[in-house]
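Undergrad: There's a structure below that I have some questions on.
The values are calculated or read from the model by the stated rules, or taken from the named source; none is laboratory data. Please read all numbers here as calculations on a predicted model, not as lab measurements. A quick note on method: Cβ atoms are made from the backbone with ideal geometry, for glycine too, and the neighbour counts reach across all protein chains shown.
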Amino acid sequence: MKIITRYLYKQFFLFFFISLIIFLVVYMVIEFFGKIDNFFEAGVSAGLAVIFLLYKAPFILLQLIPVSVLISVMLMLGLMSKHNEILALNGSGMSMHNLASIIVGISIIVGTGSFFLSESIVPITSLMANDLWDSQIEKKDSKGAYKLSHIWYKGRKTIYQIRTFDTVRNVAEGFTVFFFDKDFTLVKRIDAKSAQWDNGIWYLNKGLIQNIEDGDLTKSESFIKHAIQLPETPTNFKRSMKAPEEMSFWELRKYTKKIREEGYDATQLLVDLNIKIAFPFICPVLALVGIPLALSRRKGGIPFSITIGIGVSFFYLLTFGLSRSFAISGLLPPILGAWMANLLFSLFGIYLILAAESR
């Protein structure tokens with residue numbers, strides 16, 4: 001490895017880890033004070049609150065990595081430019097293209113590391129954090145169970161079996177309810193292709209109602225539309241299913257594949273699956289944007305570099321959130337919704353680099 005390359009690696013990771021640690025501490029403090037009322041109301045100890053934050057830390061760390069990459073690029077190149085080191089590199093024959101290649105290569109390494117973090121540690125700690133929050137802080141009864149095949153939930157004299165649940169639209173696919181009497185004997189079963197909850201009512205589509213007495217079927221009635229009021233609401237089912245961050249790429253891929261094979265709507269799952277692939281590439285994309293921005297800046301110092309970095313990150317997250325929402329609503333294909341922000345900001349970064357080289 002050349003001396004210049006080693007120097008760039010050293011400077012990059014110095015600013016990267018400093019930025020990451022500072023952002024993590026600030027985020028954790030905000031997270032703590034944002035939930036302090038919940039901690040007091042639940043009567044949990046300070047130790048349990050700290051454990052909850054430690055469980056959340058890997059997921060928060062994962063979200064902060066791309067921002068830290070951008071900030072480290074802005075700081076490193078800004079200071080190098082201030083000390084005329086960029087001028088010296090140009091004099092030695094290194095073009096902006098060569099410099100960008102090295103920095104983007106470093107950011108790809110960081111992005112690869114973030115992918116392994118999301119696949120190994122984050123699913124475990126996120127699940128532990130959410131379970132601790134529900135059981136110890138929100139004091140929710142753990143009546144639900146998630147399996148790769150179905151969501152199961154035990155209600156009041158009922159058991160629900162749901163194939164998949166859309167938490168945005170409050171729509172359940174593959175919706176089955178088993179009704180029991182006080183002796184826990186099955187007396188009724190309702191199957192529906194889908195069910196949507198709205199203002200306290202479940203609206204079922206294309207299904208079958210079966211009445212059972214002494215183990216024998218006494219009445220069977222099919223329906224196209226059927227409305228029923230049940231004590232359970234979408235809130236009961238949301239915690240019974242895993243969030244995307246609680247699943248690895250391969251687990252989410254397997255689950256999405258099964259949902260699609262059975263003919264259910266897997267749009268949101270497909271979007272989240274593609275996001276798991278697209279997320280590590282945010283690091284090189286933001287680095288590509290940060291390089292020309294840092295080198296074109298003439299004044300402002302470190303505070304200005306940090307401000308620019310946070311501003312670019314904000315606009316990236318805004319674009320990312322909008323494209324994801326469009327994909328979930330069906331306005332964009334899932335793969336385009338996951339990758340659009342990366343594509344747009346990559347083109348923006350390339351344009352800035354070409355514009356800087358032409359000066």
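Undergrad: Checking the condition at pLDDT 90 or above, in the same structural domain as Gln268 (by TED's automatic domain parsing) and not in a helix (DSSP H, G or I), which residue from Leu332, Leu347, Leu318 passes?
TA: Leu332
Undergrad: Something else about it: Criterion first (at pLDDT 90 or above, crowded, with 17+ Cβ neighbours inside 10 Å and under 23 Å from Gly263 (Cβ atoms)) does Leu204 satisfy it?
TA: In short, yes.
Undergrad: If you go through region 80-98 one residue at a time, how many are aliphatic (A, V, I, L, M), in contact (Cβ under 8 Å) with a residue 40 or more places away in the chain and over 19 Å from Phe345 (Cα atoms)?
TA: Of the residues in that region, 4 qualify.
Undergrad: Inspect region 69-77 for any residue being surrounded by 15 or more Cβ atoms within 10 Å (Cβ to Cβ) and polar (S, T, N, Q) and give the result as yes or no.
TA: yes
Undergrad: Across region 99-125, what is the number of residues that are crowded, with 16+ Cβ neighbours inside 10 Å and without any contact (Cβ under 8 Å) to a residue 40 or more places away in the chain?
TA: Selection size over region 99-125: 0.
Undergrad: Additional query: Scan region 321-359 for residues that are under 16 Å from the mean Cα position of the chain (by Cα), within 26 Å of Asn170 (Cβ to Cβ) and in contact (Cβ under 8 Å) with a residue 24 or more places away in the chain and jot them down.
TA: Arg324, Ala327, Ile328, Pro334, Ile335, Gly337, Ala338
Undergrad: Next question, about the same structure. Hey, could you check region 43-54 for residues that are of a type in the set (A, V, I, L, M) and surrounded by fewer than 16 Cβ atoms within 10 Å (Cβ to Cβ) and say which is modelled with the lowest pLDDT?
TA: Looking at the filtered set, the residue picked out is Ala46.
Undergrad: Shifting gears a bit: Given the condition at negative phi, of a type in the set (Asp, Glu) and assigned to a helix (DSSP H, G or I), answer yes or no: does some residue in region 262-271 qualify?
TA: Checked region 262-271: no residue is at negative phi, of a type in the set (Asp, Glu) and assigned to a helix (DSSP H, G or I).
Undergrad: Please list, ordered by first then second residue, the pairs with beta carbon atoms under 7 Å, 6 or more apart or interchain, first in region 22-45 and without any contact (Cβ under 8 Å) to a residue 60 or more places away in the chain, second outside any loop (DSSP other than H, G, I, E, B) and charged (D, E, K, R).
TA: Glu31/Lys56
Undergrad: Could you please let me know if Pro284 is assigned by TED's automatic domain parsing to the domain that holds Glu119, buried (at least 22 other Cβ atoms within 10 Å of the Cβ) and under 15 Å from the mean Cα position of the chain (by Cα)?
TA: Spelling it out, it is not the case that Pro284 is assigned by TED's automatic domain parsing to the domain that holds Glu119, buried (at least 22 other Cβ atoms within 10 Å of the Cβ) and under 15 Å from the mean Cα position of the chain (by Cα).
Undergrad: Going by the structure shown, is Ala278 under 30 Å from Leu99 (Cβ atoms) and surrounded by 16 or more Cβ atoms within 10 Å (Cβ to Cβ)? Give the steps one after another, and end with the answer.
TA: On the way: under 30 Å from Leu99 (Cβ atoms): yes; surrounded by 16 or more Cβ atoms within 10 Å (Cβ to Cβ): yes.
Yes; evaluated as a whole, the condition is true for this residue.
Undergrad: Would you mind listing the helices (runs of 4 or more DSSP H) fully within region 1-104 where at least 1 residues are touching a Leu at 6+ places or on another chain (Cβ under 6 Å)?
TA: Those helices (runs of 4 or more DSSP H) span 3-34, 46-82.
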